[in-house]
Every structure is written in C-alpha cells, then in structure tokens.
1. Against the condition away from chain B (no Cβ under 14 Å) and not in a helix (DSSP H, G or I), how does C:Tyr204 come out, does it pass?
2. Restricting to segment A:182-202, name every residue that is crowded, with 20+ Cβ neighbours inside 10 Å, part of a strand (DSSP E or B) and not basic (Lys, Arg).
3. Quick one: A:Leu344 ticks every box in (1) open to solvent by 20 Å² or more (accessible area, probe 1.4 Å); (2) over 23 Å from A:Cys426 (Cβ atoms) bar one, so which box is it?
4. In the set A:Gly558, A:Gly549, which member is more than 14 Å from every other protein chain (Cβ to nearest Cβ) and touching a strand residue (DSSP E or B) at 6+ places or on another chain (Cβ under 6 Å)?
5. Looking at the structure I just gave you, is B:Thr190 modelled with pLDDT of 95 or more, within 25 Å of B:Pro142 (Cβ to Cβ) and open to solvent by 30 Å² or more (accessible area, probe 1.4 Å)?
6. Which one is farthest from the chain's Cα centre (by Cα), of the residues in segment B:132-161 that are open to solvent by 20 Å² or more (accessible area, probe 1.4 Å) and small (Gly, Ala, Ser)?
Amino acid sequence: MTIGVQCVPQSKKGKFEIMAANPRIIVVGGGLAGLSAVIKIAEAGGKVDLFSIVPVKRSHSVCAQGGINAAKNLKGEGDTTWNHFDDTVYGGDFLANQTPVKGMCEAAPGIIDLLDRMGVPFNRTPEGLLDFRRFGGTLFNRTAFAGATTGQQLLYALDEQVRRYESEDKVQKYEGWEFLSAVLDGNRVCRGICAMNLRTMEVRNFPADAIIIATGGNGALFGRSTNSVVCTGSANAALYQQGAYYANGEFIQVHPTCIPGEDKLRLMSESARGEGGRVWVPRKAGDSRAWNSIPSEERFYFLEEWYPKYGNLVPRDVATRAIHRVVFELGLGIDGQAMVYLDLTHIDRATLDRKLEGILEIYEKFVGDDPREVPMKIFPGMHYTMGGLWVDFNQMTNIAGVFAAGEAEYQYHGANRLGANSLLSCIYGGSLAGPKAIEYAKSLPAAQGDGGHAAEKKRQEEINTGLMHSDGTENPFKIWRELGETMTKNVTVIRYNKALKETDEKIYELLERYRNINLSDKTTWANTSFAFTRQLYNMLQLSRVVAQGAALRDESRGAHYKPDFPDRDDERFLKTTKAYFAPDVDEPRFEFEPVDTQFIKPRPRRYDAAK
Amino acid sequence: MAERTVKFEVKRQSGPDAAVVWDKFELPYHPGMNVISSLREIAANPTTVDGKATTPIAYDSNCLEEVCGSCAMVINGKARMACSALIDNLEQPVKLQPLTKFPIVRDLMVDRSVLFENLKRVKAWVPLDGTYDLGSGPRILPQVQEENYPLSRCISCTICMEVCPQFNESTGFVGAATIAQVKLFNQHPTGKVLKEERLHALMGDGGIQECGYAQNCVQACPKQLPLTRAISDIGRDVIIQSVKDLFTT
Amino acid sequence: MATAVSPAVTPPTRGVQPLQAGEGHSFLLRRLHSLSGIVPIGAFLVEHFVSNFEALKGPVAYAQQVRFLNALPFVRVLEWTFIFLPLLYHAIYGLYIWFRGKSNVVYYPWAGNWMYVAQRWTGMIAFIYIGQHVWRQRFSGVSLPEHPGAAFHKVQMELSNPWILAFYAIAIIATCWHFAYGVWLFSAKWGITPGDKARRKMGYVCAALGIALVAIGLSSLYAFVGPWYKNAPADLTPAQITNGESTSSAPSNEPPASK
C-alpha cells in the first residue's frame, strides 16, 4: 500500500485528483530547526518521521549560549522589527535576500512568546517579564536569554513538545540513524530517504512525500571548530552531489572568542562581552608581566579604541579580524602566543554568576582558571556556516520535495550572522518549512513505479560494500586532520587566492588518497569509524565548494575577507553564490544569482561610527 | 630524555554479548589533552601497547563541552563526562569503562534510552494548546526562574542513575534526573496542570519511593543540579497527593 | 511500499526498565516501611528505652514498670498490632530493600553513600538482636507478663554472659543509629527537610537524639551488670512490687537515681 495517497474528491471542482491527504514527511536532524518543523507538521495532523544521528536532546543546538533576538521592545528603547531587520541585513553585509529576513524579524516576537509559553526559563525582570540583553551588531537590548545556556533551554523546550507528540504516536523518532541520500524518482522528485542504522549498519529506505533537511553546519571541514562532532555537513554534501545547489558556501563565521582546546574550540559566548567583558592585550609587545600588574593605561583595549561606537560589541567578523591583526600584524598576543585577554574581572561575582554562570563554568572546567578572578585567554575559531543548501522563499531546495531549514540552509544571514540570530533563524526556518512541506506534499502526484527506491538503496549499499572491502593504506582520521589544518589555515579569517588554490589542490589530493583508504574496523556492528569514513568523503567534496567559492569571490564582504580585495564590490558580487556538482568532472561549478534588496538599499557597512 | 606518555586501559566489548577484553594504549603527552582527544588519537592509530592492530574504540560524544550529555563513561572507577576529564588531573593508567548500569552497545557505548522513556512516562512537558499566536507567556518572577533554571540544565547524561545504588534492574528505579524534571514542570504555571498525573506516575513501581537517599546523584552530577532537594520536594508532594487520593477516591 | 517500519526507538529490552507509571503497590509498601520505622516502631523504641531506664532505680521499680505496661487495656492486642507485626514487616521489607539495592560505596566513598550502607548493616544487626531478644525475653523462660517481678533477674541472668552483654551493647548502638538516621531519612524523603540547610540542621538533631538514646540504653544496661543490684531476687511477689519492698540483699551501693 502507499501511505496516505488516495483519491480525494475536490468538491468545488467536482472531479477527483490524486493527492496525499495525510502526507508523510521526513525530517532529518533533531536540532531546533528540525524539531520546530516536526512540531508544526504534527500539529497540522501530518505524519512525521524524525531522523537523527544522536538522540535529539543531544543535538548541537544545545551549544548555543547567548540568546535569541526579537524586537519585543520591552526596555523602552523604541526598538522595532524593522530595526532588527535592518541590523540583520546590515550585519550580513547585504548579501541576504531581504524578503525572508524581513519575515523572520517580524515573526521573532511571536516566536519568543511561544518559547516562553513552552516553559523556557528565560531570565526575568523584577516585574516577571522577559529580560533582554545587548548583543553584537546592534545598539538595542534585543536578546532574550536563559542564563548562558539559551540554546540548550530552547532545544529542550522543543524536545519536550516533540516527546509529547511522540507519546501520542504523531511522531516516530529514528535516533541513531544517519541520512545517506534522498530517494529521487525518474522526474527527480524526492520520494523519501535512504538511511543507515548506526548500530546494525543496515541501509534502509524510508518513503516520504517530502523531506526537510535540518542537519546543521559543517564545522568538521575545519577539523577543530566550536561545532559538535556530528556537524560534518555530510547530509548537505550528499544532496549537493545529488543535484542540490549549495549557496554561499564561502561564508564561514569565525567566532572571535573561543577557548583553544585539543579536541575542539570551545565557545566563549558573545554574552561575555554583552555583559561588559573587555578585550585587551598589553600595549608593549613581549610584555611578560602578569595581567594584574599591568596598569590600565598600558593595556590596549583595541576594540574600544578602534570602534568607539560599538566597542567590544562589534560584529563577529570585525572582532575576529581585529584580534588577528593585533596578534599577527602587531605581534601583541599574550606571551607572544595567539591569544588575547577577555576580561570580566571588573564585574562583581554575583552578577557574573547570575547572568553568565554556564559559560564561566565551561572555562573553569576546561582550562582550570576562574574567569571571575583571572581574565580569560581566547582566540578566534570556526563557528558558523552562513552558507548552505540553496532554498527558495518556501524553504525548498531546487530538488522538488527536498526542503531545508536552520544552519543547513543559507538564507537568513548573508555574509555574516549576527549573534543570537541563529536560534531565531532555526526556529523560524523550521516552522516555515514544516507547513510548506505539507502544502507541497498535498499536491504531489503519486510516484511512478517504486519512485527510485530500489536503485538508491542499491547505490548506497554498493558504497558500503566498497568501503568494507577497502584494503588501502590511508587512515581516514589522518586525512581528516590534514583537511582541517588546510581549511583552517587558508579558508577562515584571511583569504588569499593563491592559498585558496593550493587548498583546492590539497583537497583534490586528499580525495585521490581517499580512494586508497584503509578501514581499521570492518565489523558490522556500531562501527563508528565506518560511518565517519563515509562522512569524510562528503566533507571533502563540500570543502571544495567552500574553497573554490572563496577563490571566485574577489571582494571582501562580511566574514569573507581578502586583503588583496579589501572592499565590498556590489557591482560584481552583490550576488548569491550557487555551487552545483558536475558529476562528469567530479567537482563544483558555480552560478551567481542577484540578491533581493527591495527594502533596504545597500550602504557601506561600518562599525566605527553610527550606521 | 624519554618522551612523556600517557597510558590507557580500555574495557572493550565488540557487541552486547561479546567477551570483555582490556586493551592497553600508550600515547604521547600533549598539554591540555583530555579523554576524548586521546580516544581520537587512538582512532588515528589503533595499535595497542604491544603493537597489536585493533579497531578504533567506539564511544558516544558530541558537543565536547559538557552540555549534550553524550560522553558519560566510567573513568578511573568514577562515572563522569569524558570531554571534561583532563588527563593532567587523572591518575595513570587512565582506565576507561562503559557505564555499568546500561546495556552495552559496543566498547564505551551504552544504550541510555530508558531515561527518555521515563521522561515520556512522567509527561515532562508543558502541554501547549498549540503553537499559534496566543500572546505572551505567564509572568514568572525572577526568584521562580532562578529556582527552575538549574533543574532545566539537566543534560540527560544519566550519571545520577549510574551512581545510584538503587538504580538497577530489580528496583527499576526511575532515577533522580526524571524526578528533577517532574519538579521543574510541576512548578511551571502552565506545566502544573499535569501535576497530579506526574505524581501518580512517580508512585508507580520504580517510582520515587525507591530512592534510598544515598545522595550519590547530587555528588556526581556534572551540572550540580539540586537533585536531593527535588527528590525531597517531590517526596512531599506525592505524600500529600496520596493522602488526597485516600479521601477523594 | 510504505509498510509500517518497525519502530526505531523502543524501550530497551535489556537493562533497567522504564518507570511503571502509576502501577504496582511498591509505593504504599515502601512508604509504610518508612513510616513504620517512626511510628509505631520508633515510638516503641523510645518507650522501651525509657522503661528500661527504670532499671537504674532497682528491681522493684523495674518490676513496677513491667507490671504497669502489662496492665494496659488490650495489652496483648496492642503488643501484636503496634510492636510485633510492624517490627516483622519493617524487618522483612527492609531485608527486601537491602537485597534489591546494589551498594557501590567502594567506588563512590561519599558520606551519604556510607550512611546508606550503614543503615542496612545496622538494620540487620537490630533485626538479629531484636529477634533473639524477643524470643528469649518475651517468649521463653519465665513469662514476664505473668511474673513482672522476675524481670530484673531474668535480664541480669542474660547479661551475665559477657558475649551476650557485648552483643547487647553493640545492638543498642546499632539500633539507635538505625533509628536516628531513619528519622533523618524520613524527614528528607517525606519532604520535611528539603533544603540542604534544613537537612544539615536535622542532622544535628538526629545525632543528638541518637546519642541520647545510646546513653540511656547503655546506662540501663549498666544497671543490670553494675555493682548496684547484684543478685537481684529471682521473683518478687505482687505485694513486694506494690509496696516497693525487696527481700533480697540490699544494694551494695546506692545508685544515684535511686529514691
């Protein structure tokens, strides 16, 4: 039988049409975007299957710390959704299509209310109203927050709602399953997904009338980043290789304040600066005095001096480049190392504990110093993927039936994301994608034949068999390490065309070496390195999109900065980069699409003065 | 001078019913290394100390900043999060074992889905009318938020259950994490509409009565949740509820 | 095509099973166990200790106390309903609780965890002790309800064996410990002392209670074996009890609490 596909009488037209009355939607990814899509679909009476590599409560959204933006204007500042819209577009250096951004900013206050009703323990004012803090890239107190673990609190609230639907049998969770590919029929219409059980390693197809990809960003391309282990971009890359456009891949946000670590770069939230944290280095190069014996006139508060208007709260790309400049050009890093101080010691303990406890605890735990007593040592690290699957204003990719939401798609942040806009874009994108997917699925004609299921399953099983029988010499973890080192060095804060070209050549070399891979574990039970090796291939393919996209864009815009082309070039590059996979040459090809700028005319983006 | 190294002993099992073996590894020391970075190092070169080639060690991990709850394991005899276990603070050889109270999947991976099932059974959610626009939420005083927020930081790592002498197959005890969530939702102005149902659920077999108040949960919790306080508060609520039930049914 | 796929997430088939929400009777049984430890068992324990404290005043006072208690209306019913049956229930269910817990104090040697273990061992000692104590003092030998005057002598004979005496001393400490910590546990579990501070304060109160009971218990013990009432008469006649006379040899020393 087929799911929910039946003849429905159309009373007005008086004829019968084939359509899915009760469509089945698959959501891939259990972070904020995925869960909000699931909630919307379940609420509308649709059937949802939710796929996630990890139990959804362990998704990467938990790592978001600072807050979520909405122009609720509860601080008497005259904030408006238009201001929020303007800040977002301006912060993104005008690369974002303005229609969806405007929609998001207008929906934001309602989203906060909804989250509040769901029980998110947002911080409160004495009157019991939502408290708001200031975040980077704005002059308004617009960021609602729950301590310093807002992402965790939001994810839990949605997770709880989904658990409720699950207990009512409206949602079926598939945790511990990894998305391998979309199942496309002869007309390249999506008919479901092919997924792999990460315990039994079984490959299985799941039919659906539409799928929503909400698999997050691709930090793993850079080896160490602030992203979680599962943020490999593998699902995105698989779809890209199946014909989906990947947009603005070159826009990678590097977070200015991370705690360098062996296994990952741990985020030190922007809220540390939002609550008054100050970034500084000793004025004198090679000053070896302890921090507390350096008098304030000998401290170089470079963000405050260079950007008096926004001070420590300049947008992330600006702060990141400033730190880079201070460390690498002026040679002022602490003890000559790639680190600067982020200082909270002038703020009293109680305030810090109340507002920032979560993040201070992280520093204390992972470094061993108490940031209430000693300034933190931080350095920029890869943080967020502004680019992603290209989607239309209904969140659908160019493959019919494949939708995308959250960090996995590209549309809300342009060339640079503002702090506390990511949680918003995830929830907004997900709650838009859900209903749009149902709408699409309801008018979807039934598939011809098996809808391409058998062929796709066979293709995926062949990949697995090939890997399981690999007998080369290359270790996948070492290939990954080399990829990460190259990408971090050449494709993050400062980009040169020569280095980008070398990077692409390096990735090509790694892809060649991948063909000679050796799996040290060939068992068929909970084989984590096997799953990783599969992801690695996709990561390599996607890295070329990022590196080549960066090479093509000869300008500086938002997070993308080329010293050889220091200015924004709206004439040539006020355009969305769209990469597509060319199977014949096994590499990306690029197109450029004009940006929707109908509401706000692009103007120079400066944070050293009022905008 | 001999290069400084770190020694590991890892308890391994290739499947739920497979035999247990202990593999030994030795890695070069780096400042700042932790258990996760060491496991990754082993994966890049899965060779035991006696030169035998083996498979990378299977383990759960995700955020690596102690907020996703994935990487709980027993390290040197104590249940804790692997990502925050700095090698500098551990005695050597570093002994890694899977959590002992949960079914083994493979090596250091275990199946902790019982917690999520328990959360379902106590209806740990705020029952919304719907996600459509119904205006702002209830006013909540900062004091109430400050009491609820710590409970909402539970990362579902299950360490409180692992260290609890009462959490085992014969009691079927629900564990501290779930009881804390009951308190959290019973205190929410809307969530408390399900208060009685949650209390009744916790009076079932494996419910709050199985707590032996050894207080290990609160000692071991990596997020310092006020778990014993939650158990006491809910303990009182179930008693009051059961007395009410006695006179109303 | 779209046949129902087997659910991906089911409750685990192995390991600890999920909460049986709202099902079963263990809540009632466990709470009854907890409550019975306080009332009536705990209350009786205090009464029993106070009664035995009369031994410090000598065989006659002791006999008067025994007679008084045995003269209570419905005394046999009271005895079974409020002492023996609850004790038996508390003991057997307690063993069941112990049997089902898996102590891990070796790995987690924390104070609360030690107390958890101690509560089980002291309970066990108390159980064994009370079992033999009730059997030997209440149900075998001279029947004290009928011969309250023989009470002092009977206990004295029992304690003349140094091993038994040591056993009594250990058991008194264990029982008091079990009771005092039981009170603390009760107030924590029933939500009387939810906060850390409240529990700490309650800890002091319970420690004081435990120490006081141990002091009472051990000094009562001393009354039987100490120098004051050596060779108490095997029995006293009802008249002797009523009149407060003793035909036995006078105490070698006047006890401080004697009238």
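1. Numbers: away from chain B (no Cβ under 14 Å): yes; not in a helix (DSSP H, G or I): no.
In short, no.
2. Taking segment A:182-202 as the starting set, the residues that turn out to be crowded, with 20+ Cβ neighbours inside 10 Å are A:182-185, A:189-196, A:198.
The next check asks that each one be part of a strand (DSSP E or B); those that pass are A:182-184, A:189-196.
A:Ala182, A:Val183, A:Leu184, A:Val189, A:Cys190, A:Gly192, A:Ile193, A:Cys194, A:Ala195, A:Met196 - these are the residues of segment A:182-202 that are crowded, with 20+ Cβ neighbours inside 10 Å, part of a strand (DSSP E or B) and not basic (Lys, Arg).
3. (1)
4. Details: A:Gly558 fails: touching a strand residue (DSSP E or B) at 6+ places or on another chain (Cβ under 6 Å).
On inspection, the qualifying residue turns out to be A:Gly549.
5. Working: modelled with pLDDT of 95 or more: yes; within 25 Å of B:Pro142 (Cβ to Cβ): yes; open to solvent by 30 Å² or more (accessible area, probe 1.4 Å): yes.
Taking the combined requirement at face value, the residue satisfies it.
6. B:Gly135
Per-residue answers, yes or no, for (1) in contact with a Leu (Cβ under 9 Å, 6 or more places away or on another chain); (2) under 28 Å from A:Cys231 (Cβ atoms):
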position	(1), (2)
B:Glu3	no, no
B:Asp17	no, no
B:Glu26	no, no
B:Ser38	yes, yes
B:Lys52	no, no
B:Pro56	yes, yes
B:Gly69	no, yes
B:Asn76	yes, no
B:Met81	no, yes
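Per-residue answers, yes or no, for (1) surrounded by 24 or more Cβ atoms within 10 Å (Cβ to Cβ); (2) under 26 Å from A:Ser59 (Cβ atoms); (3) away from chain B (no Cβ under 14 Å):
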site: A:Leu352; (1), (2), (3): no, no, yes
site: A:Lys355; (1), (2), (3): no, yes, no
site: A:Ile378; (1), (2), (3): yes, yes, yes
site: A:His383; (1), (2), (3): yes, yes, no
site: A:Leu389; (1), (2), (3): yes, yes, yes
site: A:Asn394; (1), (2), (3): no, yes, yes
site: A:Gly401; (1), (2), (3): yes, yes, yes
site: A:Gly406; (1), (2), (3): yes, yes, yes
site: A:Glu409; (1), (2), (3): yes, yes, yes
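The values are calculated or read from the model by the stated rules, or taken from the named source; none is laboratory data. Everything numeric in this text was worked out from a predicted model, so none of it was measured. With ideal geometry, Cβ positions are generated from the backbone for all residues, glycine too; neighbour counts draw on all protein chains shown. SASA here: full protein model, heavy atoms, side chains in, ligands and nucleic acids out. Shrake-Rupley method; radii C 1.70, N 1.55, O 1.52, S 1.80 Å.
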